[in-house]
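One structure below.
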Amino acid sequence: MKDLFERIVKDKGPLGKWAKQAEGYYVFPKLEGEISNRMMFNGKEVITWSINDYLGLANHPDVRKADAEAAAEYGMAYPMGARMMSGHTKYHEQLEEECAAFVEKEAAYLVNFGYQGMVSAIDALVTKHDVIVYDIDSHACIIDGVRLHHGKRFTYQHNDVESLEKNLQRATKIAEETGGGILVISEGVFGMRGEQGKLKEIVALKEKYNFRFLVDDAHGFGTLGEGGRGAGFEQGVQDDIDVYFATFAKSMAGIGAFFAADKDIIQYLQYNMRSQMFAKSLPMPMVKGALKRLDMLRTMPELKEKLVPASFGQQQISQSAAILVFAVRTDFGMDYIDQFFKDMSTKRQIPLENLEGYKNFMKGSFANKSEDEISSWATKQVYLTMGHMLASLAALQIDACPMEGLDPQAYDKILDLDAKHLKTIIAMPIGVRAPDDASATALKVRKDLSDIIIDL
């Protein structure tokens, strides 16, 4: 017999085997400072792409105030115990009722963590007689939940409705033999791809096949649909989603999650989700904080809605999945050049003295330039960057629309760019074009190639 830990020491797993090379940088990085698009990492300021604070609520003064007041009043221990025992409060009920109303379902059930909740919910919803059919690119929490299933399970190719239907046919045959049912699982927005699940197309298959539909909308909640109600509203199929799931960890910048469905289904989950039945209740500051965040989702317009008037009413600003605003620095000077070359020396592992000639050349080039000349140069760099971005997005099959039709000063004010020493140059809504967008297929008005290419 082997020592149990012998294998663990020799084989650290698919990620663990890279720990020596990756830890502290690629994994378990230490980000410091206020949650923002720029944070401190290894002693220097870096651009941060990995923050889930989609709507910027994490540092909103009203949110910080609500969190602080709840923590001061209740501490982090209250309520003590599991919901079924001593950890149930009127505020937990209130949050559930408001979440259910927001996504237009009969009832909702609050869970401590999204990952934990999804694993446990899948385990509770199916028996060994049932069949699960799920997208191959589903989040790890879905995969782990499916792994607990003792019955048959099938994956379909990502967002491939034809592949889904083939697997539904297989699942139907098995379910008819076992006397079970079928659970189909998709995401509202796939976190690793940034694209919506084909919820509308999946729902349409209910006319041919008997299945129930579970949607993980962690990334769509708060960002898509009317008022941020999620991907189901975005695609007009919320009523046909049998079990809707959303987290507070993304748009609401908090902790916790909820399931929403018919009352009977929610009651079943309340009494059969083992991860919640035997787990401490979500602490009160988290609950009260979530109530405040949800209220802000309902009552406060999204930031991008504020940008529509500053974009001369162009609706792609509010309809896009995200907006990239390209800006130039207004504090460009000798100190900035010095820091640039210090960063170059560090990143490229080139002795700083070897870069002195290049640095002095740059300083000399800018020493006699006016602010307008420097701004013109910086603007050209922005457009070069935008060109690279357009090519990268196209390679990922993501649509983009560069826009100069905006009021830069208004953008600067709305986005508080002046305080960051930045000035708006151009905006770029990105996402996936709507199938009924006539402008996407309209003929482009352009010069003939013969008019712009000179044959030497």
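Just so it is clear, none of the values below were taken in a lab; they were calculated from the coordinates. In this text, all values refer to a predicted model and were calculated from it rather than measured experimentally. No Cβ is skipped: glycine too gets one built from the backbone with ideal geometry, and neighbour counts run over all protein chains shown.
A few remarks follow.
- By average C-beta atoms within 10 angstrom, highest first, the peptides 412-418, 448-454: 412-418, 448-454
- Relative contact order for region 4-53: 18 percent, from Cα pairs under 8 Å spaced at least 6 residues apart, divided by residue count.
- Between residue 450 and residue 17, the simple label model (points 7 Å from Cα in the Cβ direction) yields a spacing of 6.0 nm.
- Convex hull of region 94-210 built on C-alpha atoms - directionally averaged projected area, nm²: 7.7 nm²
- Which of 48, 326, 381, positive extreme of dipole for the chain (C-beta unit charges): 48
- Short-range pairs are left out: with C-alpha atoms under 8 Å and at least six residues apart, the relative contact order of region 403-451 is 31 percent.
- Summing charges over all other residues whose Cβ lies under 12 Å from the Cβ of residue 115, with Lys and Arg as +1 and Asp and Glu as -1, gives -2.
- Percentage relative contact order, the chain, counting C-alpha pairs under 8 Å, at least six apart: 15 percent
- Listed residues 307, 275, 259: farthest to the positive end of the dipole of region 251-320 (Cβ charges): 275
- If you take the Cα centroid of region 110-149 and the Cα centroid of region 25-45, the two points sit 32 Å apart.
- Length released on extending from residue 441 to residue 393, taking residue separation times 0.36 nm less the Cα-Cα span: 15.4 nm
- Residue separation of residue 68 and residue 383 scaled by 0.36 nm, minus their Cα-Cα distance, works out to 109.1 nm of gained length.
- With both labels modelled 7 Å from their Cα along Cα-to-Cβ, the residue 136 to residue 77 distance reads 5.2 nm.
- Between the entries (1) -0.35, -1.22, -1.34; (2) -0.40, -1.18, -1.25; (3) -0.43, -1.11, -1.19, the label attached to log10 I(q)/I(0) by the Debye sum over Cα atoms at q = 0.06, 0.12, 0.13 Å⁻¹ calculated for this structure is (1).
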